[in-house]
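First the structure, which I've put down as structure tokens, then a few questions once you've had a look.
The values are calculated or read from the model by the stated rules, or taken from the named source; none is laboratory data. Here the structure is a predicted model, which is why all the values come from computation and not from measurement. FYI the Cβ positions are ideal-geometry reconstructions off the backbone, even for glycines, and counts take in every protein chain you see. We work out accessible area using only protein heavy atoms, side chains counted, and drop any ligands, DNA or RNA first. Shrake-Rupley method; radii C 1.70, N 1.55, O 1.52, S 1.80 Å.
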Amino acid sequence: MTTKLINFSKYSSFKIGESFEVSLLEDDFSDIQNYYLIGSCNNTLVGTNPPPLMMLSKKYDYIKMEDGFLKIGGATPSGKIASYCKKHNIANFEFVSHLPGKLGGLVFMNAGLKEYEIFNSLVSIKTTAGVKAKCQVAFGYRKTDITEPILEATFFLEYGFDETKVAMFKKMRSNQPSTPSAGSCFKNPENDYAGRLIEAVGLKGFMRGSMCFSEVHANFLVNNGCGKFEDAMWLIAEAKKRVKKEFDISLECEIVILHKD
Ligand SMILES: Cc1cc2nc3c(=O)[nH]c(=O)nc-3n(C[C@H](O)[C@H](O)[C@H](O)COP(=O)(O)OP(=O)(O)OC[C@H]3O[C@@H](n4cnc5c(N)ncnc54)[C@H](O)[C@@H]3O)c2cc1C
């Protein structure tokens, strides 16, 4: 596989990480088991010693309408999907205009906003192991059981791009910080909110180096400047420890941590 040097302090939404070689996945799927696949790292914290990394090549950055379905390549950025749908008056993808990531990452995480999730209009996925219908994939709140790289996903094609939804999603974002982060740090536990729990244990606005749980929304771990991986990890561990002690709730990370000890 050809490789590309990526500076993760620029590439990742957290703006944390050093430069590492990333292998580009094209057509040869024979030697991929030892690599960790990344998308655009909007949900990922890259450590100082990540596993070998790979990403889909530009070949998988496309959108096409075919036989009444919408087919989107795994490396297609969400902004491009939103623009395409607006231009062609396609419904159901308005929410991705405010959801950073590439198609593969969006599907793998079942990303969404409230009840609007990427799986809602999904028909099937194409992975390096073949095609799987939606009913063959287990999925839930910000999770799926997909184990292979997603090369493409097929969606129902419905018309009627809704500008009012775009405005609604923009408004939903207004209580979230614009400082670099990876979105929600923890998944919301059943019948509760991770942000409420973090605030209740005194960690809202708590700083460690340049990292802190945001004053704007406590479940957003943000980088106020030159944030370090170690400080992010310290805060994550501290939140888990305090919430467990005070509420007997085990917080589960929504962000993906790429680091080998
Ligand atoms: C400011 C901000 C706000 C956010 N708000 C939300 C929100 O409201 N709702 C929400 O759901 N998310 C939110 N997120 C998180 C993020 O937008 C999503 O998780 C998105 O799906 C990440 O896509 P990515 O390409 O960056 O994935 P990455 O961060 O690169 O990877 C995430 C996971 O997906 C896997 N993956 C990536 N590509 C593929 C592929 N082709 N095949 C198989 N697996 C793959 C990776 O292995 C990894 O496990 C937010 C992030 C930020 C920075």
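Scan segment 166-188 residue by residue and report those that are out of contact with any Asp or Glu (no Cβ under 8 Å at 6 or more places or on another chain) and either away from the ligand (no atom under 14 Å from the Cβ) or at positive phi (or both).
If the condition is that a residue be out of contact with any Asp or Glu (no Cβ under 8 Å at 6 or more places or on another chain) and either away from the ligand (no atom under 14 Å from the Cβ) or at positive phi (or both), then 167 is the only one that fits.
Only one of 152, 163 is more than 8 Å from the ligand (Cβ to nearest atom) and touching a Gly at 6+ places or on another chain (Cβ under 9 Å); which?
Values: 163 fails: touching a Gly at 6+ places or on another chain (Cβ under 9 Å).
Residue meeting the stated conditions: 152.
Here are the criteria: (1) hydrophobic (A, V, I, L, M, F, W, C); (2) over 30 Å from residue 220 (Cβ atoms); (3) free of Cβ contacts under 8 Å to residues at least 40 places away in the same chain. Tell me which single one residue 25 does not satisfy.
(3)
Can you pull out the residues in segment 7-26 that are open to solvent by less than 30 Å² (accessible area, probe 1.4 Å) and in contact with an Asp or Glu (Cβ under 8 Å, 6 or more places away or on another chain)? Lay out the reasoning, then the answer.
Step one: filter segment 7-26 for residues open to solvent by less than 30 Å² (accessible area, probe 1.4 Å), giving 8, 12-14, 16-17, 22-23, 25.
Result: 8, single match.
Could you check how many residues of segment 127-160 are closer than 17 Å to residue 63 by Cβ, outside any loop (DSSP other than H, G, I, E, B) and either basic (Lys, Arg) or open to solvent by 30 Å² or more (accessible area, probe 1.4 Å) (or both)? Let's see the steps before the verdict.
Let us first name the residues in segment 127-160 that are closer than 17 Å to residue 63 by Cβ, namely 150-159.
Retained after the next criterion (residues that are outside any loop (DSSP other than H, G, I, E, B)): 150-156, 159.
Subset that is either basic (Lys, Arg) or open to solvent by 30 Å² or more (accessible area, probe 1.4 Å) (or both): 156, 159.
Here the count works out to 2.
Another question, then. Would you check if residue 29 is more than 11 Å from the ligand (Cβ to nearest atom), at pLDDT below 95 and open to solvent by 30 Å² or more (accessible area, probe 1.4 Å)?
Values: more than 11 Å from the ligand (Cβ to nearest atom): yes; at pLDDT below 95: yes; open to solvent by 30 Å² or more (accessible area, probe 1.4 Å): yes.
So residue 29 passes the test.
Please note which strands (runs of 3 or more DSSP E) are completely contained in segment 171-261 and include at least 1 residues that are surrounded by fewer than 17 Cβ atoms within 10 Å (Cβ to Cβ). Can you show your working first?
Details: elements: 211-213, 221-223, 256-258.
By residue number, 256-258.
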